[in-house]
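In what follows, a structure is listed as structure tokens, so that the remarks can point back to it.
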Amino acid sequence: MTASTSAPVITGLGIVAPTGIGVEDHWASVLAGKSGIGRIERFDPESYPVRHAGQVPGYDAQGNVPSRLVSQTDHWTHLAFTAAEAALADSGADITGIPEYEMAVVTSSSSGGTEFGQKEMTSLYRNDPGWVGAYQSIAWFYAATTGQLSIRHKMRGPCGVLACEQAGGLDAIGQARRLTRKGARLVVTGGTDASLCPYGFTAQLTTGKLSTVPDPERAYLPFDAEASGYLPGEGGAILVLESAEAAAERGAGYGRVLGYAAGFDPAPESGRPRALHRTAVAALRDANLGPADIDVVFADAAGLVADDRDEAEAITRIFGPRGVPVTAPKTLTGRLYGGGAPLDVATALLSLREGVVPPTTGTREPAPGLEIDLVTEAPREAPLRHALVLARGHGGFTSALVLGR
């Protein structure tokens, strides 16, 4: 068995995103350039410098999550419950027939349960400790989603959580791949995030990276000359990763996880280069592929001038000027932190399946000096074999994942 045919397979996708709930709704929105960004509805944003974000449309926890768990868990975990159910159903795997210790859960989280935490802290400040519920001790915790999914689906293998902001979604999938190499037959992975509450939103504003442009259609413009930052969002994707042998038994799968690498930026004052270029090169090497084998790059697309230039230069160093199509459909959702990279992976798999590169909506053309082939305005049909997905997180986290059709 070759390295490519022995690579684990993503067999199921569950999407709960501003672009829609479910694979088909999300994919239709991405191809149509239909944005899920609008005025924040989960709280009144009038007094904040940023008033728009990507929000999951029409989501009702009461109709998607067991009633006792609605009150015990945060909105971020509710979204993951829904996405995980969809991903497992999509995979076709009969998890009742798999030993519990051969299944695991590894998710990504950036903010944890901030909305739940804010509610309980408000009860504390307005009343006394007796008003704080017992579930505050776990609902806010970064590993809450992993734990709840593990319990719900009886997955008792080596579970975990990666808290690496936007890059964490790729790190979770990378860890899931390691587990399949060590004997796991099935791993639920990916991630969601939801921090659209005053407490969580204030924390995001401290980074200085959110765009304060009032027009939501011009606020998040990665690689554009008018780039001013990004807009946040909620949601993400949960994926089912199975060993090659398990997937082959059913002939299931969207694509294979061929390569993965992670790095960390040095201190800005060090004068050393940032980590994205070497991380992407390492992921290609891990996949036993060269630049000519990659047919599309799903960019991190920070929407910040310096970060966009660093990413564009890294891509150009690897593939040459305008050497590979580049896209960033996350302009339709905002950056979803722990859920963002898993959603990019899901979209990349759909692109490989359909032979279509979705556009970067909003950005009209790359800023002067950025020599990348950014797909804008309309989808581009092309024969696609392999995709490179890039992600960076606040503080220096950097990851890259290579997918094969």
Count neighbours as other Cβ atoms within 10 Å of each site's Cβ, and list the trypsin sites (Lys or Arg not before Pro) in region 169-219 that are DSSP loop with at most 10 such neighbours. 182
Descending principal axes extents, region 254-405, alpha-carbon based, whole Å: 44, 34, 30
Quick one: which residues, 5 or more positions from residue 373 or on another chain, have an amide H under 5 Å from its amide H? H modelled 1.01 Å from N in the peptide plane, none for Pro or chain starts. 322, 323, 324, 326
Sequence-separation-based contact order of the chain, relative, with Cα cut under 8 Å and 6+ spacing, percent: 23
Project the alpha carbons of the chain onto their principal axes and report the range along each, largest first, in whole Å. 62, 52, 43
Which one, 339, 319, 363, is farthest towards the positive end of the dipole of region 284-402 when Lys and Arg carry +1 and Asp and Glu -1 on their Cβ? 339
Where a Cα-Cα gap under 19 Å defines reach, which aspartates and glutamates qualify for residue 154, not counting those fewer than 8 residues away within the same chain? 85, 90, 94, 100, 102, 242
Region 179-301 - percent of accessible surface contributed by carbon and sulfur, probe 1.4 Å: 52
Straight-line reach from residue 34: which lysines fall under 20 Å, measuring Cα to Cα and dropping same-chain residues less than 8 apart? 330
Roughly how far apart, in whole Å, are the Cα centres of region 81-100 and region 176-198? 13
Alpha-carbon centroids, region 114-159 and region 341-405: separation in whole Å: 34
Solvent-accessible heavy-atom area per residue, rounded to whole Å², over the chain at 1.4 Å: 39
Per-residue accessible area, 1.4 Å probe, largest first, puts 47, 4, 243 in the order 47, 4, 243
Summarise the accessible area of region 322-392 (1.4 Å probe, protein heavy atoms) by the percent that is carbon and sulfur. 46
Working with all protein chains in place, sort 46, 377, 311 by solvent-accessible area computed with a 1.4 Å probe, largest first. 377, 46, 311
Can you compute the radius of gyration and Dmax for region 327-400, using only the Cα atoms, both in Å? 12.8, 36
Expressed as a percent, the accessible surface of region 57-139 that is carbon or sulfur, using a 1.4 Å probe and the full set of protein chains, is 53
Compute the normalised compactness of region 147-227: alpha-carbon radius of gyration over 2.2 N^0.38 Å, N being the residue count. 1.52
Using θ = phi - 60° and Karplus 6.51 cos²θ - 1.76 cosθ + 1.60, couplings along region 58-73 (whole Hz; Gly, Pro as x): x, 7, 10, 4, 4, x, 10, 10, x, 4, 5, 7, 4, 7, 9, 9
Check residue 231: other-chain or 5+ apart residues with amide H under 5 Å from its amide H, H built from backbone geometry? 211, 335
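The values are calculated or read from the model by the stated rules, or taken from the named source; none is laboratory data. All values reported here derive from a predicted model rather than from experimental measurement. Cβ coordinates were reconstructed from backbone atoms using ideal geometry, including for glycine residues, and neighbour counts include every protein chain displayed. Areas reflect the complete protein model, heavy atoms only, side chains present, ligands, DNA and RNA absent. Shrake-Rupley method; radii C 1.70, N 1.55, O 1.52, S 1.80 Å.
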